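Visitor: Would you mind keeping the following structure in view while I ask a few things?
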Amino acid sequence: MSFLRKSVHLLGSVARRQQHLKVIGGAISTAARDFSSKPSDDYANFPGAKAPFVSKLNLIQPEDYAPIPIYRVMDQDGYIADESQDPQLSREVVEKMFRDMVLLNTMDKILYESQRQGRISFYMTNFGEEASHIGSAAALEMRDLIYGQYREAGVLVWRGFRIDQFIDQCYGNTDDLGRGKQMPVHYGSRELNFVTISSPLSTQMPQAVGAAYAMKLRPDNDACVVCYFGEGAASEGDAHAAFNFAATLGCPTILFCRNNGFAISTPSHEQYKGDGIAGRGPMGYGITTIRVDGTDVFAVYNAMKAAREYVLKENKPVVFEALAYRVGHHSTSDDSTAYRPAEEIEIWNSVEHPISKLKRYMVHKGWFDETVENEYVKDIRKKVLKQIAVSEKKLKPNWREMFEGVYAEMPDHLIEQRSELEKHIEAHKEHYPLKNFEK
């Protein structure tokens, strides 16, 4: 029985408990605390907590809490489980969702192989998590600000980031928006309201909360901040700071956790012992929380719509956990078959794959044409391969740019360092590939 099927069985036991959160017609709820002795009518009035008194000592165990249920719309066969939860998206929108996921998947395969061939230095794929990207991006407005980690390329695809922009960034050439100052896959776009990705885990989280607080202070604010991070990043101290500031300051931010089961080689059961990342929201930080099937693009879409509406109306944060499975290796520096069985990967790469689920839905609706889609994949492959050939021939930015872009006016110590490097290169230019850089 798959992870998702096991989770569905938990819904019945949770339904009878008190609901702290109702989203999308009551489809999502958190579990109420279960006291083993009847609480008295009066509540404690301590400044640190408001809770009922009990007359019997209890050690509260993790098992005393029902796990937060996983909201989904489609089953693995692509059928809508509850028609009231059908987002009623048009064929045009569903086809864009599908094709954007296919584009990302196809581009990932080619760029991954390009790194293996030594043509780019590094790459990270998004296999198995396409629905969490596309479903969430489709529910947002372009004015909403995005802080990504490094596995959210699909959000950029939905917003219109072009194939040439992805590939130019991976090559760090003169047309790279970051001017070659970032590792591959560390995208950013001011035009698309996507803050440039940073390698250190979870540094984007308190930054996102700060940006949301600034938005809150604007008159008639109609935009929110979405911060993506992984369950591994949630173990960093910055994650705690972000959760706590978001809750206490009341910031309109959606803290979107892509829980894909692995932090590089560390499986989630070694990463934490609680109820995932969603479990930290209601009781740990007092934050409204949603947990969804991250392989179901409609569930992610519905939940993100509800989350965005909530944070703007209430000026409060939402913890959003999308459960999925990282089908690919962590990066081109990793071989995941060393710490998980290939058979497990294959299940999530076929039956439980988000693209497969959406395809089955489209087949049921009569919206899928195998011939047309095969031609689409061939066309995307041609475009990506052609762009790689173009991007790898472009010059790198002038090497002096490594000293620029931080200060409005370059400080003396950087001017001195640049001058020393200029003299060094001039004296030893035969050892440097200067022909590959802009003059």
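The values are calculated or read from the model by the stated rules, or taken from the named source; none is laboratory data. From a predicted model like this one, the values you see are computed outputs, not experimental measurements. Virtual Cβ from ideal backbone geometry, glycine too; neighbours counted across all protein chains shown. Ligands, DNA and RNA are excluded from the accessible area calculation, which covers all protein heavy atoms including side chains. Shrake-Rupley method; radii C 1.70, N 1.55, O 1.52, S 1.80 Å.
Visitor: Mind ranking 217-223, 282-288, 400-406 by how tightly packed they are, going by the mean number of other C-beta atoms within 10 angstrom, highest first?
Guide: 282-288, 400-406, 217-223
Visitor: Something else: If you average the sequence gap of Cα pairs under 8 Å that are 6 or more apart and divide by the length of the chain, what percent do you get for the contact order?
Guide: Across the chain, relative contact order equals 19 percent.
Visitor: Amide H neighbours of F437 under 5 Å, at least 5 residues apart or on other chains, H built in the peptide plane: list them.
Guide: K396
Visitor: Quick one: net charge around D144, please, counting Lys, Arg +1 and Asp, Glu -1 for every other residue with C-beta under 15 Å from its C-beta.
Guide: Net local charge, D144 excluded: +3.
Visitor: Considering only the other residues whose Cβ falls under 11 Å of the Cβ of T253, what net charge follows from Lys and Arg at +1 and Asp and Glu at -1?
Guide: For residues surrounding T253, the net value is +2.
Visitor: Ranked from highest to lowest mean number of other Cβ atoms within 10 Å per residue, what is the order of the peptides 170-183, 361-374?
Guide: Numbers: 170-183: 19.2, 361-374: 13.1.
Packing order, densest peptide first, comes out as 170-183, 361-374.
Visitor: Also, quick follow-up: So, by mean Cβ neighbours within 10 angstrom, what's the order for 98-108, 53-63, 80-90, 422-432 with the highest one leading? Show your work: numbers first, answer last.
Guide: Values: 98-108: 21.7, 53-63: 8.7, 80-90: 12.6, 422-432: 10.3.
Per-residue Cβ counts within 10 Å, averaged per peptide and sorted highest first, yield 98-108, 80-90, 422-432, 53-63.
Visitor: Express in nm, to one decimal, how much length is gained between W367 and Q88 on full extension, taking 0.36 nm for each residue of separation and deducting their alpha carbon distance.
Guide: The W367-Q88 span can extend by a further 99.0 nm.
Visitor: Next up: Given only helices, namely DSSP H runs of n ≥ 4 each adding -39500 (n - 2.57), what is the per-residue ellipticity at 222 nm of the chain, to the nearest 500 deg cm²/dmol?
Guide: Numbers: 14 runs with 168 residues, N = 439.
The per-residue figure over the chain is -12000 deg cm²/dmol.
Visitor: Per residue, how much accessible surface does the chain expose to a 1.4 Å probe? Answer in Å², no decimals. Could you put the intermediate results ahead of the total?
Guide: On the way: 21600 Å² over 439 residues.
The answer is 49 Å² per residue.
Visitor: Next question. What is the Cα centroid distance between the range 181-240 and the range 55-109, reported in whole angstrom?
Guide: The range 181-240 and the range 55-109 have Cα centres spaced 23 Å from each other.
Visitor: Of all the accessible heavy-atom surface of the chain, with the other protein chains kept in place and a 1.4 Å probe, what percent is carbon and sulfur?
Guide: On the chain, the fraction of accessible area on carbon and sulfur atoms equals 51 percent.
Visitor: Bin width 10 Å, origin at 0, all Cα-Cα pairs of the range 49-113: what percent of pairs per bin?
Guide: With a bin width of 10 Å, the distribution comes to 14, 24, 20, 16, 16, 9, 1.
Visitor: Continuing with this model, one more query. What is the dipole size for the chain, taken about its Cα centre, with +1 at each Lys and Arg Cβ and -1 at each Asp and Glu Cβ, in debye to the nearest 20?
Guide: Once rounded to the nearest 20, the dipole reads 260 debye.
Visitor: Give me the percent relative contact order of the range 124-208, please, defined on Cα pairs under 8 angstrom at least 6 residues apart.
Guide: So the answer I get is 31 percent.
Visitor: For volume of the Cα convex hull per residue in Å³, one of (1) 286; (2) 184; (3) 163 was computed from the structure I shared and the rest are decoys. Which label?
Guide: Matching entry in (1) 286; (2) 184; (3) 163: (2).
Visitor: Okay, moving on. Applying the Karplus parametrisation 6.51 cos²θ - 1.76 cosθ + 1.60 with θ = phi - 60° to the phi angles of the range 103-111, what ³J(HN,Hα) value in whole Hz is obtained for each residue in order, glycine and proline being reported as x?
Guide: Karplus values, whole Hz, x for Gly and Pro: 4, 4, 4, 5, 4, 4, 4, 6, 5.
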